[in-house]
Amino acid sequence: MREWADFFPDVLPGVPLGTPEPTVVHQLRRAAQEFCTRTRAWRAVLEPITTEAGRSAYGMPLPAQTALVRLEGAELQGYGPLTLWRPGPGAGPYLMTPDARTVSFGRLVAADMALVLDVTLKPSDTAAGVDADVFDQYSEVIARGALARLRGDEATRREFLSSCDDINVAVWRGRSAARPRVVPYF
């Protein structure tokens, strides 16, 4: 994890002298949360959860000081990939998260199977910083988001949101197994 103070060289020169440090940290946290939610750039595979007989709900082993943005995928070792929540009764085991802290199977599964979750994360409301890889790649964008919030600058906010959208596309193109099809225009 990289601490919020690591962003200060990019943020403090752009805010009025005497801006309280807790205010700067709060806006950095909010900008990082928004960045991670919009881009889904902070991905992690969680520690496996061992299933138990007669139990369908399990707590997610989220890393400390993080919150779930989205459940991206799940695999039950020995069964294969699981379908994530869908409306109506499922034909096979499917998985959902009712509260972003637990996962629940649509029906009971066998005991002693490893459930592996692929998730997107963001810093929690009590986080002391952000993931080091996210900081290394996107610290300037997150700092711009914090500056926009601190100054109330709508133009800088639009730049931040535009950067988030561009990063979202780049991240997901990079994780795709196929190249996007280009549609010719005549």
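A few remarks follow.
- Meets criteria (touching a residue at least 24 places away in the same chain (Cβ under 8 Å) and open to solvent by 40 Å² or more (accessible area, probe 1.4 Å)) for Asp99: no
- Among residues of region 49-62, those that are of a type outside the set (A, V, I, L, M, F, W, C) and either in contact with a His (Cβ under 8 Å, 6 or more places away or on another chain) or open to solvent by less than 60 Å² (accessible area, probe 1.4 Å) (or both), counted: 5
- Residue check, Glu75 buried (at least 16 other Cβ atoms within 10 Å of the Cβ), among the acidic types (Asp, Glu), in contact with a Gly (Cβ under 7 Å, 6 or more places away or on another chain) and in contact (Cβ under 8 Å) with a residue 40 or more places away in the chain: no
- Check on Thr39, of a type in the set (S, T, N, Q) and open to solvent by 20 Å² or more (accessible area, probe 1.4 Å): no
- Just one of the listed residues (Leu12, Leu17) is in a loop (DSSP other than H, G, I, E, B) and either open to solvent by 60 Å² or more (accessible area, probe 1.4 Å) or farther than 19 Å from Cys164 by Cα (or both), namely Leu17.
- For region 21-45, a residue qualifies if it is among the hydrophobic types (A, V, I, L, M, F, W, C), in a helix (DSSP H, G or I) and touching a strand residue (DSSP E or B) at 6+ places or on another chain (Cβ under 7 Å), and the qualifying residues are Ala32, Cys36.
- Against the test of being charged (D, E, K, R), at pLDDT 85 or above and open to solvent by 60 Å² or more (accessible area, probe 1.4 Å), the options Arg173, Arg157, Arg86, Arg107 yield a single qualifying residue, Arg157.
- Among the numbered conditions (1) over 25 Å from Ala110 (Cβ atoms); (2) surrounded by 13 or more Cβ atoms within 10 Å (Cβ to Cβ), the only one that Thr23 does not meet is (2).
The values are calculated or read from the model by the stated rules, or taken from the named source; none is laboratory data. Worth saying up front: this structure is predicted, and the values here are computed from it rather than measured. For neighbour counting, all protein chains shown are included, and Cβ atoms are generated from backbone atoms with ideal geometry for every residue, glycine included. Surface areas here come from the heavy atoms of the whole protein model, side chains and all, with no ligands, DNA or RNA. Shrake-Rupley method; radii C 1.70, N 1.55, O 1.52, S 1.80 Å.
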